[in-house]
1. Which of the residues belonging to segment 346-392 are among the charged types (D, E, K, R), in a strand (DSSP E or B) and open to solvent by 10 Å² or more (accessible area, probe 1.4 Å)?
2. I'm trying to understand the selection: among the residues of segment 143-180, which are closer than 25 Å to Val265 by Cβ and open to solvent by 30 Å² or more (accessible area, probe 1.4 Å)?
3. Can you tell me which of Ser91, Ser100 is small (Gly, Ala, Ser) and either touching a Cys at 6+ places or on another chain (Cβ under 9 Å) or open to solvent by less than 20 Å² (accessible area, probe 1.4 Å) (or both)?
4. For Ala255, which of the numbered conditions (1) of a type in the set (Gly, Ala, Ser); (2) within 18 Å of the chain's Cα centre (by Cα); (3) part of a strand (DSSP E or B) fails to hold?
5. Among the residues of segment 45-67, write down those that are under 18 Å from Val265 (Cβ atoms) and either of a type in the set (A, V, I, L, M, F, W, C) or part of a strand (DSSP E or B) (or both).
6. How many residues are within 11 Å of Ala370 (Cβ to Cβ) and either of a type in the set (Ser, Thr, Tyr) or open to solvent by 60 Å² or more (accessible area, probe 1.4 Å) (or both) when one looks only at segment 306-345?
7. Find the residue count for segment 238-253, including only residues that are in contact with a Leu (Cβ under 7 Å, 6 or more places away or on another chain) and either of a type outside the set (Val, Ile, Thr) or at positive phi (or both).
8. Among the residues of segment 274-296, count how many are surrounded by fewer than 24 Cβ atoms within 10 Å (Cβ to Cβ) and under 11 Å from the mean Cα position of the chain (by Cα).
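The values are calculated or read from the model by the stated rules, or taken from the named source; none is laboratory data. If you're wondering where the values come from, they're calculated on a predicted model, not measured in any experiment. Don't worry about glycine lacking a Cβ; one is built from the backbone with ideal geometry, like all the others, and counts go over all protein chains shown. The area values use the complete protein model at the heavy-atom level, side chains included, leaving out ligands, DNA and RNA. Shrake-Rupley method; radii C 1.70, N 1.55, O 1.52, S 1.80 Å.
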Amino acid sequence: MLTTSVALGGGLFAAGAAVAADTPGSGVTAVVQNTMLGEKVDVEGKGTVDAGLFTLKTAAGEKLQTYCIDFDNPVYLNSRAKYHEADWASSSLNSNANASKIRWILDNSYPQANLASLAAAIHVNSLSDEDAAAGTQAAIWKFSDDKTAIPRTENAKKLRNYLTSDANKGVAAEPKPSLTLTPDSVSGKSGGKLGPFVLNSSAGAVKLAVSGDAADKIKVLDKDGKPVAGNLAGPIAKDTQLFLDVPAGTPDGKAGLDASAEATVLSGRVFMSDLDDDGNHSQTMILAGSTKVNVAASAKVAWKQGKGALVDSSAKVECANNGVRVSVTNSGDEAATVTVDKQQVTVQPGKTESVLVKVAEKAKYDIKVAGPNGYAKEFTGVLDCKTGVTPTGTPTTPAGTATPSATSTTPAAGQPTPATTSSAPGTGGLAQTGANDSTPILAAVAGGLVVAGGAAVFVLRRRGRHGRTAA
């Protein structure tokens, strides 16, 4: 996962890893597997590609099935691309008027719906897993990427046509996250409530714990100041606020608020890739079937005694505004001058200021924040908000243009796994979209593999060959 480095107040926070701006509050993380279930489809203006289901696997071995919603971006299987759960607002679905139709497809097609019911819906005797996966992916591309994708097999074509017909009434609501806790860090003074931390989860109950300095003295409180001990019973209300009560006189220190749960990551949750070791960013996917997972999230808190400014910052991708919004909070009692991406802002005591850093589409960002008492934090990631934009090689860091926003007056209080489809290795290209007719679906080649638009594209590094046809 991409990292955020942070140092605070002369060493309260040493440099460490945290979430990137497009991964607020953790959630499920997983690695793409080199298998895919599906069949070939013909995409208007793009040629023939393999369409179907990908599999992501969590560190605990849980398997998630996903479809592509980012046709023109490849998947870099040779580097085992890592993925994280994300909100629609941080993805191409943020401005997609057809997002509800994609959600309907996921809830009413394979693998959420069984093959027999789908066969009955399209008036055929039977439907194979491969037909169902290919037909569903082809239908999704109509609404995610405005692509006309027609499966070659008759039953898959009938399913695609049914899923894109007037039968699709849409499901408007975005599914709940499995587990998120934001912001990733808060600072303040001992003797008061530090927060708020905002918790969202689809779980029936969330286990809460405090770790680090003075963990035995710190209490978790709800928005009304009532202690929260052990499990927080569900259903979890949207944007549940939590605080940490650090007793007055507690020596300067730091702690963590840890949340964990057995949750259901719901069909329709978006999964976005981190940059891999080669600087590549893979296509965005969407969860095909609701799956139970064990998930955890954590946030940091630091406190000190005495007078002076005390700042902390958080960042969130805002696709609607083509950038990353960095919010800086001053929990101290003196004004703070803070630099965000080379722009200075003044944050008054008890206030929050935000700065929108513009980032080019499909470009890498690296936003540095610096403030008083040695405070430093860095947010990195890739802006991936639109479809139809193909990355050209390794992303480069743009010269981000920071523009201040209005001052906020917010007070600062301290399913089953698909069978592998296999065939003999064929030819293919590096970082192409789509595949040629001879490209097999199985992604199991020692030389590495790139998958694009749901299509398997082999990378033959030793021979340096490229596929004949790119979609």
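1. Within segment 346-392, Glu353, Lys358, Lys364, Asp366, Lys368, Glu378 meet the criteria.
2. Result: Lys169, Val171, Ala172, Ala173, Glu174, Lys176.
3. The conditions single out Ser91.
4. Result: Ala255 passes all but (2).
5. Once the filter is applied, which keeps residues that are under 18 Å from Val265 (Cβ atoms) and either of a type in the set (A, V, I, L, M, F, W, C) or part of a strand (DSSP E or B) (or both), segment 45-67 yields Leu53, Phe54, Thr55, Leu56, Lys57, Ala59, Ala60, Lys63, Leu64, Gln65, Thr66, Tyr67.
6. The total comes to 5.
7. The qualifying residues number 5.
8. Looking only at that region, the number is 1.
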